[in-house]
Amino acid sequence: MTTRRVLTVAVFGLAWAAAMGLRLEAQTSARWTIPVEAANEKNTLPSDDATLKAGRALYEKHCVNCHGKEGKGDGPDADKRYAADMDLTAAARAARNPDGTVFYKIWNGRLNPKMPAFSDKMSKNEVWQLITYLTSIRQKPRG
Ligand code: HEC
């Protein structure tokens with residue numbers, strides 16, 4: 001390789017690393033960053049008794065300590081400063097939390113405020129069961 005080539009490769013490498021750094025930064029800033037293709041994913045499970053029951057059990061196992069018995073964001077491990085952001089029942093939050101977005105949040109978690117990632121604790125199907133349950137406890141939008 002010529003020196004020029006090596007330099008070009010190095011410059012691209014650095015630019016890539018910087019871009020990845022920015023992505024990481026985005027995860028820790030005020031908002032979640034959800035890739036468009038992830039947000040567009042749809043829950044295809046039926047909202048039947050078996051799915052809701054499985055979803056509720058997963059919720060009680062993995063989420064209740066932070067998000068609270070009724071999903072209001074008031075569990076014993078909840079960070080009180082973010083109680084409103086942790087309220088999974090709020091109708092006003094439904095519009096910006098379509099199925100795919102909720103899936104992404106559960107699967108990947110976030111660093112600050114801290115929510116663990118669950119990609120190593122649940123299968124994708126289990127996460128969808130959980131989302132079926134979460135959808136059922138959401139208040140209906142007014143109007
Ligand atoms: C260690 C505590 C903790 C646990 C355990 C936890 N979460 Fe969270 N969760 C949070 C925090 C903190 C936020 C708020 C982040 C923010 O500011 O947007 C959050 C936000 C969310 C949101 C986004 C709400 C919105 O309207 O933007 C969803 C959905 C969610 N959690 C689902 C779950 C589910 C489902 C589980 C169980 C599998 C779970 N969480 C487990 C702490 C937790």
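One table, with the values for the structure above:
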read-out: Qualifying residue in the range 104-124 (condition: among the β-branched types (Val, Ile, Thr), in the same structural domain as residue 67 (by TED's automatic domain parsing), within 9 Å of the chain's Cα centre (by Cα) and part of a helix (DSSP H, G or I)); value: yes
read-out: Given (1) modelled with pLDDT under 95; (2) in contact with a helix residue (DSSP H, G or I) (Cβ under 7 Å, 6 or more places away or on another chain); (3) more than 9 Å from the ligand (Cβ to nearest atom), index of the condition residue 113 fails; value: (3)
read-out: So residue 94, is it more than 8 Å from the ligand (Cβ to nearest atom), within 16 Å of residue 31 (Cα to Cα) and free of Cβ contacts under 8 Å to residues at least 12 places away in the same chain; value: no
read-out: Residue match in the range 58-66 (condition: crowded, with 17+ Cβ neighbours inside 10 Å and of a type in the set (Phe, Trp, Tyr)); value: yes
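The values are calculated or read from the model by the stated rules, or taken from the named source; none is laboratory data. What you are looking at is a predicted structure, and each value in this text was computed from that prediction instead of being measured. So basically every Cβ, Gly included, is an ideal-geometry build from the backbone, and we count neighbours across all protein chains shown.
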